[in-house]
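**Q** Mind looking over this structure? Questions follow.
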Amino acid sequence: MLPSSTEFFIAMRYLRAPREDGVITLTSVFALVGIALGVATLIVVTSVMNGFREELFNRMLGFTADATISTPGGKIVMPEELISIAESDSTVRLAAPLIEGQALLSARGISSGVLIRGITAKSIRYKPKLYHSLTEQQRAEFAHGDSVLLGEQLAQRFALDVGDSVSLLVPQGVSTAFGSLPNETTLIISGIFKTEIYEYDSSFVLLPIARAQNLLGYGNGVDAIEIRLQNPQQASDLKLRLQEQLPTRSLITTWQEKHSSLHEALIVERNVMFLILTMIVLIAAFNIISGQVMLVHDKRQGIAVLRSLGMKPNGILRIFLVIGCVIGISGTLIGSGAGLAFASRIGSIERFIEKIFGVRLFPFEVYSLPSLPSRIEPIQVASIIALALLISFFAALYPARRAARLAPIEILRNA
């Protein structure tokens with residue numbers, strides 16, 4: 001039952017304690033600020049965790065495949081058959097051959113180990129991060145046999161630019177009477193890509209698929225078939241459908257499986273952070289309880305007078321519930337507003353702090369992100385608000401019930 005106008009008026013009068021009851025008012029302010037801080041922190045942290053996860057996987061999927069078909073322990077000798085089976089599924093946008101290997105990159109008298117990946121020129125169009133980091137001319141030049149694409153961090157390490165030449169040495173490739181000998185080739189850099197993931201930008205070299213086959217001595221074979229989907233979230237469903245159609249030894253690996261440890265770690269971290277930060281709201285709830293208990297003790301005579309005038313125990317209960325709920329609702333609204341404002345402008349705040357203190361809060365080399373991401377999920381924010389309101393209600397319930405149980409005769413007798 002909702003409080004009447006009289007009960008609400010009395011609750012507001014009690015909430016605005018006079019000067020001599022300043023301790024009670026201060027406790028209520030601490031409770032309100034605690035709830036606001038807890039709600040704001042929860043919204044900001046969960047939004048950053050959501051943004052971090054989304055950015056990280058979007059950038060990974062902007063460079064790697066949504067799913068791959070491979071043959072454990074060997075190369076795919078006839079990739080056309082597997083490509084045809086994959087492309088028969090309506091959710092598949094692209095199925096293309098893929099080669100991966102290790103090589104030694106040499107340029108300007110410097111050498112370093114790199115990961116080479118042979119891809120088709122067509123597949124670049126289906127890799128958003130790779131596609132948008134290259135110009136139309138660079139994408140066209142890659143289709144030629146002697147072109148190579150380097151990651152931005154790798155190119156900076158070697159002080160290379162578009163048009164420079166590099167040498168690639170692989171441990172296998174040339175078959176002789178004495179076995180397989182190292183193979184070396186010189187290629188021209190046709191473009192420098194930027195995925196904004198340090199691992200990829202600092203160690204990957206992309207070659208045309210035919211050039212990679214020749215360099216590694218694969219003939220017409222490939223390591224895998226990469227698949228791009230209309231929606232990457234459909235990768236698990238695609239695996240179930242294609243597994244029955246593919247040859248027995250073929251294996252489909254989805255992006256969720258490939259990055260499962262990272263995916264699960266981010267979820268666990270987000271849940272643990274949510275649990276820890278909820279403690280802030282619980283601490284503020286204890287402030288509501290202590291403040292309400294003090295208020296009930298201070299207003300005992302007023303409660304006795306109200307009961308003597310005919311107010312029911314439920315009316316007293318509602319008065320003190322209103323006080324606790326006003327504190328909880330006010331703190332929740334202030335905290336949610338502050339949290340949403342902070343989360344939506346976190347990039348600007350980060351740049352401001354870096355400019356003021358002259359430090360990098362989130363180095364790209366460590367976090368693989370140029371800035372701190374944030375993604376606000378309305379359902380998650382609503383859950384945080386509902387949790388804070390629920391905690392505030394139950395925190396106000398105990399002292400309110402205690403006030404309702406006070407016997408007016410005993411209070412007046414001991415006055």
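**Q** I need a count of the residues in segment 204-226 that are in a strand (DSSP E or B) and either of a type in the set (A, V, I, L, M, F, W, C) or within 16 Å of residue 188 (Cβ to Cβ) (or both). Can you show your working first?
**A** Pass one, segment 204-226, residues in a strand (DSSP E or B): 204-208, 222, 224-226.
Then drop every residue that is not either of a type in the set (A, V, I, L, M, F, W, C) or within 16 Å of residue 188 (Cβ to Cβ) (or both), which leaves 204-208, 222, 224-225.
Adding up the residues that qualify gives 8.
**Q** Hey, another quick one. For the structure I just gave you, tell me whether residue 72 is surrounded by 19 or more Cβ atoms within 10 Å (Cβ to Cβ) and within 36 Å of the chain's Cα centre (by Cα).
**A** no
For (1) among the aliphatic types (A, V, I, L, M); (2) modelled with pLDDT of 85 or more; (3) touching a Leu at 6+ places or on another chain (Cβ under 7 Å), each residue gets a yes or a no:
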site	(1), (2), (3)
48	yes, yes, yes
56	yes, no, no
60	yes, no, no
64	no, no, no
76	yes, yes, yes
81	no, yes, no
84	no, yes, no
93	no, yes, yes
101	no, yes, yes
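**Q** If we keep just the residues of segment 12-34 that are modelled with pLDDT of 80 or more and small (Gly, Ala, Ser), which is farthest from the chain's Cα centre (by Cα)?
**A** This residue is 31.
**Q** Would you call residue 101 part of a helix (DSSP H, G or I) and buried (at least 16 other Cβ atoms within 10 Å of the Cβ)? Full working, then the answer.
**A** Details: part of a helix (DSSP H, G or I): no; buried (at least 16 other Cβ atoms within 10 Å of the Cβ): yes.
Criteria not met by residue 101.
**Q** What are the pairs with Cβ atoms under 7 angstrom where one residue, in segment 79-92, is free of Cβ contacts under 8 Å to residues at least 12 places away in the same chain and the other, located anywhere, is of a type in the set (S, T, N, Q) and part of a helix (DSSP H, G or I)? Sequence gap at least six, or different chains.
**A** Qualifying pairs under 7 Å: none.
**Q** Go through 116, 110 for me and flag whichever is surrounded by fewer than 19 Cβ atoms within 10 Å (Cβ to Cβ), over 17 Å from residue 240 (Cα atoms) and not charged (D, E, K, R). Give the steps one after another, and end with the answer.
**A** Values: 116 fails: surrounded by fewer than 19 Cβ atoms within 10 Å (Cβ to Cβ).
Being surrounded by fewer than 19 Cβ atoms within 10 Å (Cβ to Cβ), over 17 Å from residue 240 (Cα atoms) and not charged (D, E, K, R) holds for just one of 116, 110, which is 110.
**Q** While we're here: Go through the residues of segment 365-372 one by one and say whether even a single one is under 25 Å from residue 194 (Cβ atoms), at pLDDT 85 or above and assigned by TED's automatic domain parsing to the domain that holds residue 40.
**A** no
**Q** Take residue 399 and decide whether it is buried (at least 17 other Cβ atoms within 10 Å of the Cβ) and either more than 30 Å from residue 58 (Cα to Cα) or at pLDDT 85 or above (or both).
**A** yes
**Q** Hey, could you check segment 227-252 for residues that are in a strand (DSSP E or B) and of a type in the set (A, V, I, L, M, F, W, C) and say which is nearest to residue 90 (Cα to Cα)?
**A** The extreme case among them is 229.
**Q** Are any residues in segment 189-203 touching a residue at least 60 places away in the same chain (Cβ under 8 Å) and either among the aliphatic types (A, V, I, L, M) or part of a loop (DSSP other than H, G, I, E, B) (or both), and if so, which ones?
**A** Within segment 189-203, 194, 195, 196, 197, 203 qualify.
**Q** Of everything in segment 303-323, what is exposed (fewer than 15 other Cβ atoms within 10 Å of the Cβ) and assigned to a helix (DSSP H, G or I)? Give them in sequence order.
**A** Hits for segment 303-323 are 305, 308, 313, 314.
**Q** Please determine whether any residue of segment 327-343 is in the same structural domain as residue 15 (by TED's automatic domain parsing), over 30 Å from residue 406 (Cα atoms) and surrounded by fewer than 15 Cβ atoms within 10 Å (Cβ to Cβ).
**A** yes
**Q** While we're on this one: State whether the residues of segment 59-69 include one that is under 21 Å from the mean Cα position of the chain (by Cα), part of a helix (DSSP H, G or I) and either among the charged types (D, E, K, R) or under 26 Å from residue 328 (Cα atoms) (or both).
**A** The answer is yes; a qualifying residue exists.
**Q** Go through 96, 86, 65 for me and flag whichever is within 30 Å of residue 182 (Cβ to Cβ), assigned by TED's automatic domain parsing to the domain that holds residue 167 and either in contact with a Cys (Cβ under 7 Å, 6 or more places away or on another chain) or surrounded by 15 or more Cβ atoms within 10 Å (Cβ to Cβ) (or both).
**A** On inspection, the qualifying residue turns out to be 96.
**Q** Now a separate question. Would it be correct to say that residue 294 is in a loop (DSSP other than H, G, I, E, B) and more than 30 Å from residue 183 (Cα to Cα)?
**A** On the way: in a loop (DSSP other than H, G, I, E, B): no; more than 30 Å from residue 183 (Cα to Cα): yes.
Criteria not met by residue 294.
The values are calculated or read from the model by the stated rules, or taken from the named source; none is laboratory data. Predicted model, so just to flag it, every value in this text is computed and none were measured. All Cβ positions, glycine included, derive from the backbone under ideal geometry; neighbour counts span all protein chains shown.
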